[in-house]
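Structure first, then comments.
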Amino acid sequence: MAIRLFNSLSRQVEDFQPAHPDRVTMYVCGPTVYNYAHIGNARGPVVFGVLADLLRRHFPKVVYARNITDVDDKINQSAIEQQVPITTITEKFTAIYREDMGAIGVKLPDIEPHATHHIADIIAMIERLIAKGHAYAADGHVLFQVSTYAQYGALSRRSTDEMLAGARVEVAPYKREGGDFVLWKPSTPELPGWDSPWGRGRPGWHIECSAMCHAHFGDTIDIHAGGVDLQFPHHENEIAQSQCASGTTFARWWLHNGMLTFDGSKMSKSVGNIRTVHELLKDYPAEALRYALLSAHYRQPLDWSPALIEQSINTLDRLYGTLRDLADVEAAPVLPEAVEFALADDLNTPAALAELSRIAGEVRAAQREFLQASGDAAVAQATAKARDAKAELLGAGAALGLLQQHPEAWFGKGSANDDDARIDALVAERTAAKKARDFARADAIRDELAAAGIVLEDTPQGVRWSRKRA
């Protein structure tokens, strides 16, 4: 089965093959750790984590890196305001980022390089660029001279005028040309800095990813991924400085995920519609957030809304309900070919989720057959069919990082001060009251449970209950 990925550089879907058949290298731009990550920041880690797992099923070795930007002017400003070292800020929010991403099923990468751990690599790359005539020192700064790289703009397909407008900075007097960008800048005493041939300073934003990629993977990587907002100027600048430093291709595939909007509007701090992963996890099940992030194709925009999350919760309720009804049927996960085919087709998660729902329908049909079976042969046949269908549902969920918890955990049992036994007793008492035609008592118990946020569901196996979620 060929894996086909859309390459932002060629604007085409291409059959993916790594440069070395026994090893895939992938680098994804990670967070700048000065605050909580908003939900838009989580889309890349979720979808490209699914891609990393897909690649691991098809190639002997995958080395996946996602960086931590721990030196940045926003970090510096926060540290100054709080009168603490930058490490107080970066270590706190790095830990929170890992915890929040882990909650929505994002695994740690194989390599998590920090910018501050690669200052020597950054300086060495800048020195190579100066030696090759692509960069110059001026007023304590070092800048990349864009005009020395003829292919600049190939990724973003922007004209020179558009790129200059997109730079969004005033042309500094030390720049030779308006589009030149900073590789190194001086640090005043209150700012973090490192000794360099150009004085005490710190790296510009773009150079860190190029230097860390080179340090861990060499001149060329197979896949470089990130949000479409990074395509220009960050990724464009990465290509320019990396290829000028090495003289060869920097990344063979460029993948970009689309942006999130909120109820149709761009997420913006000024508008006040930014939602962080940290706060969303307090209001909604983590798995529902993951499902919602996978619900649209990764290259398309995704409109984030409470309705989308509720829809995701309802879908997962049905899927986990299906698994709960077959709790007594033992099954090991089996990955369905149709799900793998969808993911191999440019990471088509909507098609994979649709297949997940289709398989769940087969599981429910197998369950009905199992319940209606009579006679040893019929029961054995129905059991085998139910087991195979459940195995495919579990395997399909695993490929997407879904359905990995016990159904009772999803429905909230084992929480709320562990009062499951009391609720079970009330449910049993209500059932007995209905059989005795004591409907007043049955209704009173139902109202008591509803007030406590307990949802009742009548099924062929009896009454099920779950805790209502926000």
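The values are calculated or read from the model by the stated rules, or taken from the named source; none is laboratory data. From a predicted model like this one, the values you see are computed outputs, not experimental measurements. Virtual Cβ from ideal backbone geometry, glycine too; neighbours counted across all protein chains shown. Accessible surface areas use protein heavy atoms only, side chains included; no ligands, DNA or RNA. Shrake-Rupley method; radii C 1.70, N 1.55, O 1.52, S 1.80 Å.
Values for this structure:
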{"item": "Exposed-loop-free span, longest in the chain, where GluC sites (Glu not before Pro) count as exposed if DSSP calls them loop and at most 10 other C-beta atoms lie within 10 Å", "result": "1-169"}
{"item": "Stretch gain in nm, segment residue 22-residue 263, where the contour uses 0.36 nm per residue and the Cα spacing is subtracted", "result": "82.4 nm"}
{"item": "Computed lengthening from residue 398 to residue 1, 0.36 nm per intervening residue step minus Cα-Cα distance", "result": "141.0 nm"}
{"item": "Kirkwood Rh in Å, taken over segment 59-208 so that all alpha-carbon pairs contribute", "result": "17.6"}
{"item": "Amide N proximity, segment 312-332 versus residue 357 label position 7 Å along Cα-to-Cβ, cut-off under 13 Å", "result": "312-319"}
{"item": "q = 0.17, 0.23, 0.29 Å⁻¹: log10 I(q)/I(0) that the Debye formula gives for segment 276-326, counting C-alpha atoms only", "result": "-0.55, -0.87, -1.13"}
{"item": "Of 258, 463, 198, farthest towards positive along the dipole that unit charges on Lys, Arg, Asp, Glu beta carbons give the chain", "result": "463"}
{"item": "Rounded percent of accessible protein surface that carbon and sulfur make up, segment 271-395, 1.4 Å probe", "result": "51"}
{"item": "1.4 Å probe accessible area per residue over segment 11-52, in Å²", "result": "35"}
{"item": "Long-range HN-HN contacts of residue 24 with modeled amide H, under 5 Å", "result": "61, 62, 63"}
{"item": "Calculated FRET value between residue 98 and residue 120, using beta carbons and R₀ = 35 Å, to 0.05", "result": "0.85"}
{"item": "Scattering curve values for the chain, log₁₀ I(q)/I(0), Debye with Cα scatterers, q = 0.08, 0.10 Å⁻¹", "result": "-0.58, -0.83"}
{"item": "Accessible surface, per residue, of segment 345-408 when the full set of protein chains is kept, probe 1.4 Å, Å²", "result": "44"}
{"item": "Label point at residue 281 placed 7 Å out along Cα→Cβ; residues across segment 300-319 whose backbone nitrogen lies under 11 Å", "result": "none"}
{"item": "Degrees, to the nearest 10: 349-372 long Cα axis against longest axis of the chain", "result": "20"}
{"item": "Amide H partners (placed H, <5 Å) of residue 6, local residues excluded", "result": "14"}
{"item": "DSSP bridge orientation in segment 179-300 - percent antiparallel, rounded to nearest 5", "result": "50"}
{"item": "Two-site FRET efficiency, residue 159 against residue 450, from Cβ-Cβ distance with R₀ of 56 Å, rounded to 0.05", "result": "0.35"}
{"item": "Modelled FRET efficiency - R0 56 Å, residue 195 with residue 12, Cβ distances, 0.05 increments", "result": "0.80"}
{"item": "Beta bridges by DSSP in the chain, antiparallel share as percent, to the nearest 5", "result": "55"}
{"item": "For segment 40-74 versus segment 85-150, the gap between their alpha-carbon centres in whole angstrom", "result": "16"}
{"item": "For segment 188-285: span of alpha carbons on each principal axis (Å, largest first)", "result": "48, 41, 24"}
{"item": "Cα gyration tensor, segment 287-433 - rounded (a/c under 1.5), prolate or oblate", "result": "oblate"}
{"item": "Degrees, to the nearest 10: 236-246 long Cα axis against longest axis of the chain", "result": "60"}
{"item": "Nearest-ten-degree value, helix 39-58 long axis tilted from longest Cα axis of the chain", "result": "80"}
{"item": "Vicinal HN-Hα couplings computed from phi for segment 22-38 (Karplus, 6.51 cos²θ - 1.76 cosθ + 1.60; Hz; Gly/Pro x)", "result": "9, 7, 9, 10, 9, 10, 10, 5, x, x, 8, 8, 10, 7, 5, 6, 7"}
{"item": "Distance from segment 167-229 to segment 243-291 (C-alpha centre basis), Å", "result": "22"}
{"item": "Subset of 132/175; 74/185; 92/185 violating a 23 Å alpha-carbon distance limit", "result": "92/185"}
